[in-house]
1. Would you work out which of I311, V243, G253 lies farthest towards the positive end of the dipole of the chain? Charges go on Cβ: Lys and Arg +1, Asp and Glu -1.
2. With viscosity set to 0.692 mPa s at 37 °C, what whole-number translational diffusion coefficient in µm²/s follows for the chain from Stokes-Einstein and a Kirkwood radius over Cα pairs?
3. For the stretch 196-330, which whole percent of the accessible surface, found with a 1.4 angstrom probe, sits on carbon and sulfur atoms?
4. Starting from the Cα gyration tensor of the stretch 143-193, take the square roots of the eigenvalues, sort them a ≥ b ≥ c, and report rounded, prolate or oblate (rounded when a/c is under 1.5, otherwise prolate if a/b is larger than b/c, else oblate).
5. If you rank D49, D58 by how much accessible surface each has, with a 1.4 Å probe, what is the order from largest down?
6. Compute the relative contact order of the chain as a whole-number percentage, counting only Cα pairs closer than 8 Å that sit 6 or more residues apart in sequence.
7. Once the Cα atoms of helix 5-21 and of the chain are each reduced to a long axis, what angle between those two axes, in degrees from 0 to 90 to the nearest 10, is obtained?
8. Per residue Cα convex hull volume for the stretch 154-272, in cubic angstrom?
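The values are calculated or read from the model by the stated rules, or taken from the named source; none is laboratory data. Here the structure is a predicted model, which is why all the values come from computation and not from measurement. Ideal geometry is used to build each Cβ from the backbone, glycine not excepted, and the neighbour counts take in all protein chains shown. Surface areas here come from the heavy atoms of the whole protein model, side chains and all, with no ligands, DNA or RNA. Shrake-Rupley method; radii C 1.70, N 1.55, O 1.52, S 1.80 Å.
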Amino acid sequence: MKLPKIAALATALSLTAITASAGTLQDVQARDELNCIISTGLIGFAAPDENGRWEGVDVDLCRAVAAAVLGYAEKVKFIPATTKNRFTVLNSGEADILFRNTTETMSRDTDLKLTFLPINYYDGQGFLIRKDLGITSAKDLDGASVCIQTGTTTELNLADFFRTTGISYEPVAVETNEEGITNYNANRCDAYTTDASALASIRVALENPSGHIILPEIISKEPLGGAVRQGDDQWADIGKWVVNAVINAEELGVTQANVKQLASAPGDNPSINRLLGTESNMGEMLGLDNAWAVRAISASGNYGESFDRHIGPNTTIGLARGLNALWKDGGILYAAPIR
């Protein structure tokens, strides 16, 4: 059946868009630099250190992808983006990949045309308040003003929570984490709401962290992960398997310190050998060489090393592994096997 002109044009435009978005690997290699979207500043996830060098668990994943694809972890241009413009920056082609504490949802997958990578942090939305308010439960926030970043799932979650609990609130919209902290510090809002991990990061950045508490209620599911544009399966596969590689590395005992030794002297564990490219041709399936995962792990270590270094119990943020422990250690972190 012949398509009407309008339908045929829409189909042609759709096919053109898919074709135009393909070839990201070749674009990155030709540029010799990975453009990676990160937060504008969230300690432990993506924030500059005292020397201006970006650090954090999301930053580590950017460097791991750069190492896998370009051979060197520092070949990254970090693109800080707000919650409001992060997807526009990605879909415009200004960036190649996003690692920005971003929740995977159905509408983002289907309507915004994103392809999500494996979940790298299981989170949920909470509330940060000043201790002197005397509130111990989110259900006692009736009439409270709440700082919230625009363009986030937290906006909808907040509305749902107050609606189902039958209490009222006054939203105070902010675009960046820095703006949210400023408003919260100036008492322009009684509470700050976002992912619980981000609240732990925000709390340590306050002048008197002990004067603030995170309420016990978690009001949503926030599976956080990286994302790429739809239409380039090869590039999505690369992002997906780099994330899986660093998680599998922790499970297999492959670390930043021993990865090169294990790769140079293969042992009897076929799972480690496949991961490190000394057995089978897994890299060829991605359009890379077989040492891609060795470089990714060498860049910032395995998942557990990155977690412990930036946000773990011995950091100022002090997050327990919890749900983000490996499946064999009581958590739900579970990477697909490389085989």
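1. V243
2. Here the translational diffusion coefficient equals 155 µm²/s.
3. Carbon and sulfur: 49 percent of the exposed surface of the stretch 196-330.
4. In terms of gyration-tensor shape, oblate.
5. Highest to lowest solvent-accessible surface, that is D49, D58.
6. For the chain, the relative contact order is 22 percent.
7. 80 degrees
8. 200 Å³
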